[in-house]
Each structure stands twice: as structure tokens, then as C-alpha cells.
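Participant: Let me begin by handing over the structure; questions about it come next.
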Amino acid sequence: MKNTFSKSRLQLVTSFTHSLMAGGIILALAPQTWAAESSWIFEESAVGFCGNSGVIDTKHTGYTGTGFVDTENAIGASITWSISAASAKTYAAKIRFGNGSTAARRANLLVNGNQIKTLDFPTNSNWAQWQTINVDVPLNAGTNSIKLVATTTNGLANIDNISVTGNGITPAACPTTPTTADCNSITNQPILRVAVDGSGQYRTVQAALNTLSNSNTTPTQIRIKPGTYREKLTVTKPFITFCGETGKTTSTILTYNDGASTLKADGTAIGTSGSASVTLKANDVSMENITIENSFGVGSQAVALLAQGQRLQFRNCRLLGNQDTLYTHSGTQYYRNCHIQGTVDFIFGAATAVFDNNTIYSVGGGSALTAPSTEQAVPYGLVFLGGKVTASASVSKGSVALGRNWRPYGAAAYIRTELGQHISAVGWVKMSENTLDTARFSEYLTTGAGANTSARAPQSKQLTTAQAATYTISNIFGAWTPSYSK
């Protein structure tokens, strides 16, 4: 028995076949509900088709629907579909394509913004001869986006359609423009303007901060023009958004150069926490389009950002350092589309922190990327949703662990994250006297050269689909939904 949905005819066809031997008996049975699976075919110019980089073309015969997608010959050319699933699990998908060029076309397959796989669309030297690629796609319950993105200058193959098989698969409405605007477009808040060149109200970020009360309850923006601000900042005032100009993250830099070994006036070392270039000790603070750097160099812990507070969020930021770059000290934190780089334990701490589509970059060799110190009673620690874990060419293959537990119950999870070849086969290691027996380290559908999980530390987990489905913003943060996550 099979159900097949055809978009062009908008009908669901059910067929049932049964073989009967000579002399057989046919029994009349009571009505029965069959666990049928439906194949939904998503084609251009229909519900579920959300756009492409190129045109809808008809110049090659054999396509279905009203045509096929002929994308631009460029890296980044893409096609997006919106699909609703009744339950969270992995579904079988089939992409129908044509490639009459002289070379295979390569594309990344993204589901809900997370790269799932790299696909090669082989050539057969005939644009009118259509082929198919089969691929499994992990979908959440509800609306999902599926996207193909070209990785070479040839663009994508011609794409006729994608079909997804499974119970409860239907087309979904395409998403609208995100509701959370860039901070520069927000006009209903007080704005303090900082420019190191003197063109703003203040030359330093600290001077702008000084105008606000520690008991501030009014959401306020501190807009920072491009420039290098050599300031050691401690923020104790809530409801502040530090806003760099759109597209100017790399040229808007808050930097300082203290290391843990730097001495105070009394001759004692300032320590790891004291080394932070920027310390947030307030709730409801946001940062966008800004670079935070600790330029101390190697040889000591040197924190770029120490984040200690509830409902802290960061978008399109860069956090630069070496050892101990980002101290997720405590509270709840959300990082989206950020670049975080370092060498040793450069994301560490006890906070519940989500890293959504970030680049985690090992700028030099180090034992581990993360060092969570999660308390036993806290269910989630450092959670990486999608994104990439990459490294400079100087970092040896298989030399860096995904994490080590700074405290016994440290928790970290990588969900559909692309892992570079510098990630070690064992994946997870213990710190000092701690044991991995109490640590909570896990992965789900990681990809890339570092994602061979066959030799992972036996105490770590490969999550099931059902377990991975619990790693949602609402489950992790409860009542708080970061505005940057929308």
C-alpha cells in the first residue's frame, strides 16, 4: 500500500495490491487504519517552495510540474523549501536533478539552518536526462526549512523537485522576514552614541556607561562606531544593548591585554576572572556587531569576555583570544552567528549557554575546545546547535578534544555540528582529577572529518533522535526566548 502526493494534480492516490493463489479464499475484513506513508513532491511555484537564486526554466524536457530551477553559476546559489512534519525523526528524501555539464555540482544540504551533508550531483552530459539523489533528513515536529547551497562557482545542478516520504509530511508556509531587526533599526529606545574619533556623544564606551544607573530599567542602546576601543569594561547595569554598525563587526573592536598573570598594584596576580577585557555582571544585556578581544597572547589564561548574568545574548559578534577566551561564568546565555576563537578551553564555565550556528575556531593547538563546569542539578550546559568547528592550518589533525570537564558534572552537547579534522577520535577527555563517568558529554548527527564517532570516549553519548529533539530553545531556557533566536 502506498500513498503518493502529486503537487501538480493536488491529489493523494492510495494503491493496494494482493497476490491470490488458485483456490485461495478472500476474506471480508472490518475496516482497518493503515500506517501508510506519503511521498510529498515539492516543486517550484507552489506552497512549500520558498525561493531560489536564479530562474524557473523550461528549456530542457522531462521536468515535472511547471519547470525546474536553474540557479546562478555562483558559490552560494541556493534553493529553499518549507516542510511540515508531524513528529521529530529522520525522513527519507529524494532530490530530482539534471546535470549536463562536464563536472559534478556540489552543494551543502541544510536543515533548519544546520548543515547535514555535502552532496555531489554527478554529470551525465545530458541536461534532459534526470537523475535522483537519496538522502536522509532529520526534521523537527512542525515547520522545517530545507536548503541546498552551492559550494562551487558552477552553482547547483538543475533541480526539478524534492520529495520527502513519511507520515504527516505536508508543505508549510514559507517564513516571513525575521521579527528581530538589527539593533541599528531600533528607534524606540534611548540611544547613546560612542565614536573614538570624537564624532559621537562620547569617545569611550565607559563614558556612555557612566551615564546610566545600576538600577536602570529602561532598555537603552549604546551604539558604537567602528574603531578600536582599548578599554577594560565591567558592565553592572541591566537592559543595555551594545550595538555596532551593521556589517562592521570586524572593525568595531573592544580590546585589552591583561592575562591571569598580570600583577595588581599589591603585587598579586589578577587571576583568570580579573583578566577579562569585558565583564558582564548584569541581566538582560545584548551585544551585536562587535568584536571583543584579549590581545595578551599565549602563556597565560586571558579572557576576552566574562559573561555572568541572566538573559545575555550575542549576535554577529567575534570573541578573540587564546586560552580561556569566553568565560560563560553563570546564568543563561545565547550566541548566534558569532565567531569564537582560541587555543585551550576557550569556551568554559557553568552557564547554560546555547551556541546557534557559530564558528568555533582553534587558532592554535590546545587540549580541548570547551571546559564546562555545569552544576549537577543543571540539565543543560554548553549546547552547540549547528555551526562549524574549524582550525588554522597549524593545528594538527586529531589533536583537539571537543571538551573536558572542569567540574565533575560538566555538560556539553554538539547537535548537527560540522567538525573539522583537528578533532580527536576520542572526542572527550577528563580534566585533572575529574572522571568522565560523571561528565555529560554528547553528540547528535555531527558531520565532517572530525565526526567519526566509532572511537569516542565510552562515557560519552550519541543521542537518539528523540533525545536530540529535547535540545530546543524552550526546553533549555524555559520562559526566556532570546529575541536573537527569532
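Participant: List the lysines whose Cα sits under 29 Å from the Cα of LYS264, skipping any in the same chain fewer than 8 residues away.
Facilitator: Partners within reach: LYS232, LYS237, LYS281.
Participant: Something else about it: Report the local net charge at ALA401: Lys and Arg +1, Asp and Glu -1, summed over other residues whose C-beta lies under 12 Å from its C-beta. Please report the intermediate quantities before stating the final value.
Facilitator: Details: positive: ARG404, LYS430, ARG456; negative: ASP345.
Taking every other residue near ALA401 into account, the sum is +2.
Participant: Under 28 Å from the Cα of LYS430, which lysines turn up, not counting those fewer than eight places away in the same chain?
Facilitator: The qualifying lysines are LYS388, LYS397, LYS461.
Participant: So, counting K/R as plus one and D/E as minus one, what does the shell of residues with Cβ under 15 Å around ARG440 add up to?
Facilitator: Taking every other residue near ARG440 into account, the sum is +2.
Participant: What list of ³J(HN,Hα) couplings, whole Hz, do you get for region 348-363 from phi and the Karplus terms 6.51, -1.76, 1.60, once you set θ to phi - 60° and write x for glycine and proline?
Facilitator: 8, x, 9, 5, 8, 10, 10, 10, 9, 6, 9, 9, 10, 10, 7, 7
Participant: Using the per-residue mean of other Cβ atoms lying within 10 Å as a proxy for protection, in what order, highest first, do the peptides 425-434, 55-64 fall? Can you show the working numbers first?
Facilitator: On the way: 425-434: 16.6, 55-64: 14.6.
Result, highest mean first: 425-434, 55-64.
Participant: With the Cα gyration tensor of region 325-486 in hand, convert its eigenvalues to equivalent ellipsoid semi-axes via √(5λ) and list them largest first in whole Å.
Facilitator: Values: eigenvalues 92, 60, 49 Å².
After scaling each eigenvalue by five and taking roots: 21, 17, 16 Å.
Participant: What pairs from LYS225/LYS486; LYS89/LYS117; LYS117/LYS248; LYS147/LYS248; LYS89/LYS147 go past 20 Å between their alpha carbons?
Facilitator: LYS225/LYS486; LYS117/LYS248; LYS147/LYS248
Participant: How large is the helix-only mean residue ellipticity at 222 nm for the chain, computed as the sum of -39500 (n - 2.57) over DSSP H runs with n ≥ 4, divided by its residue count, in deg cm²/dmol to the nearest 500? Could you put the intermediate results ahead of the total?
Facilitator: On the way: 4 runs with 18 residues, N = 486.
The helix contribution divided over the chain gives -500 deg cm²/dmol.
Participant: For a quick protection proxy, order the peptides 189-200, 358-369 by their average other-Cβ count within 10 Å, most packed first. It would help to have the intermediate numbers written out before the result.
Facilitator: Details: 189-200: 15.3, 358-369: 20.8.
Per-residue mean Cβ counts within 10 Å order the peptides as 358-369, 189-200.
Participant: Grab the other residues whose beta carbon is less than 15 angstrom from that of LYS430, score K and R as +1, D and E as -1, and report the net. Kindly include the intermediate steps, with their values, before the conclusion.
Facilitator: Numbers: positive: ARG404, ARG407, ARG440, ARG456; negative: ASP345, GLU433, ASP437.
So the environment of LYS430 carries a net charge of +1.
Participant: Can you give me the pair-distance distribution of the chain, C-alpha pairs, 10 Å bins, whole percents?
Facilitator: 4, 17, 25, 23, 17, 9, 3, 1, 1, 0, 0
Participant: Rank by packing, highest mean first: peptides 442-448, 47-53, 181-187, with packing defined as the count of other Cβ atoms within 10 Å averaged across residues. Display every interim value, and only then the final one.
Facilitator: Values: 442-448: 20.0, 47-53: 18.1, 181-187: 14.0.
Per-residue mean Cβ counts within 10 Å order the peptides as 442-448, 47-53, 181-187.
Participant: If a paramagnetic tag sat 7 Å from the Cα of LYS461 along the Cα-Cβ line, which residues of region 363-405 would have the backbone N under 11 Å from that point?
Facilitator: It comes to 380, nothing else.
Participant: Computed FRET efficiency, Cβ-Cβ of ALA103 and GLN201, R0 60 Å: what is it to the nearest 0.05? It would help to have the intermediate numbers written out before the result.
Facilitator: Working: r = 56 Å, r/R0 = 0.93.
Efficiency computed from Cβ-Cβ geometry: 0.60.
Participant: Amide H of THR252 versus every other amide H placed in the peptide plane: which residues, excluding those fewer than 5 positions away on the same chain, fall under 5 Å?
Facilitator: Amide H neighbours of THR252: GLY227, THR291.
Every number in this text was worked out from the coordinates using simple rules, so none of it is lab data. Nothing here was measured: the structure is a model prediction, and the numbers come from that model. All Cβ positions, even for glycine, are placed from backbone atoms using ideal geometry, and neighbour counts span all protein chains on display.
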